[in-house]
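The values are calculated or read from the model by the stated rules, or taken from the named source; none is laboratory data. Owing to the predicted nature of the structure, the values given are computational and were not obtained by experimental measurement. Note: ideal-geometry Cβ built from the backbone for every residue, glycine included; neighbour counts use all protein chains shown.
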Amino acid sequence: MKNILWTMIMLCIFRTASFAQTDAQPPVLPSEPIISYTLFVQPHLTCQCLPTNPTPKERAPIFFLDIPISPFWDTVGADRIKNRTIQFGGSATPWKETAVFGGWPVPRIIFAVSDFRASVEGGIMKTQNASLVRTMEQAYVTLDGAVWYVLVGAEGFFGQEQIPRATKSVNFEADFRRRSYGGQGWLGIKIGDFNRSFIVGRYGRGYARTEGSTRFNVPSVDDLDRFSLYAEEFKIESFSVEGKARAKRISQSVQFERVEYQRVIPSPDPLRFGENHLQDMRLETETEITPFPRARLLRGVVVLTKDFRNQNRLMFINDYSSVRVFLRLAF
């Protein structure tokens, strides 16, 4: 009997403990159906934002074709040609005149990437309104390359100008021709991107030669040979600083250059043969404008040049006037 009583007591205690545990943790009933709740609840994401690809940076053009619109060029004055004193440079006056050249324009081709830039310019033209009929052939090449901050570059040029009947007389006429060539190499520092914004400094040395010759045209004599009027050689030393800033629709570049020419064979008499030391110093600005945002292929370029010396480079090749206008095609 006692055993039966203890068994009933133990069952009651166990039953009471089970109900107490159940009441301590009552079941949580959802307020909405489980299926509906599952459909509208978003799963937990480790990243709250969806991954997006960055907007690609617009690629800048690397190839440019500049077609000159302004036909004005600076060249050696006609009196200096007749007097045979071109080799004197700007030390004798008058030195230069501005002529209008016609024919096929002298284009300029530029290739530029981040650390390399090349420029080629040249062509053949003939004067239209000058006192002498002049045919000009010339070419100009420039190369710049950079590794880290070190800049290495070179340039070269060739020029030839022919002037028929430069000198006239009763019994004969004389044709004049001058040829020039030269170049220089340089070292410098470059910071930035050639195709966007940059600043460079250069120091260079080189060589240039110019020579002039004439040939007489006599009615009764054929096939006369040319004979030399002058031949001069110069050592070149240059220093230049150039910078460029590019925005969305406009870019501006500024260059200051100083070039010194030293005769290889010194002149014994500067009054008769010209100065032994000549110098050029100029400031050049170039503004590029993109007028049509949807047609970035077409651009306009205006180049302004201010000379602080006598443009002694005209001894070798003709040069643009102080204002130049180009139509640029950018690819």
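Annotations for the structure displayed:
- Exactly one residue out of Ala245, Ala208, Ala174 is small (Gly, Ala, Ser) and within 24 Å of Ile289 (Cβ to Cβ), and it is Ala245.
- Neighbours by Cβ (under 6 Å, 6+ apart or cross-chain): first from segment 241-252, within 21 Å of Gly153 (Cβ to Cβ); second among the basic types (Lys, Arg) and surrounded by fewer than 17 Cβ atoms within 10 Å (Cβ to Cβ): Arg246/Arg196
- Filter result for Val301 (in contact with a Phe, Trp or Tyr (Cβ under 7 Å, 6 or more places away or on another chain) and either of a type in the set (Val, Ile, Thr) or modelled with pLDDT under 95 (or both)): yes
- Residues of segment 167-190 include at least one that is within 18 Å of the chain's Cα centre (by Cα) and basic (Lys, Arg).
- Any hit, segment 231-238, residues being modelled with pLDDT of 95 or more, surrounded by 14 or more Cβ atoms within 10 Å (Cβ to Cβ) and among the aromatic types (Phe, Trp, Tyr): yes
- No other residue among Leu271, Leu278, Leu283 is of a type in the set (A, V, I, L, M), surrounded by fewer than 16 Cβ atoms within 10 Å (Cβ to Cβ) and part of a strand (DSSP E or B) apart from Leu283.
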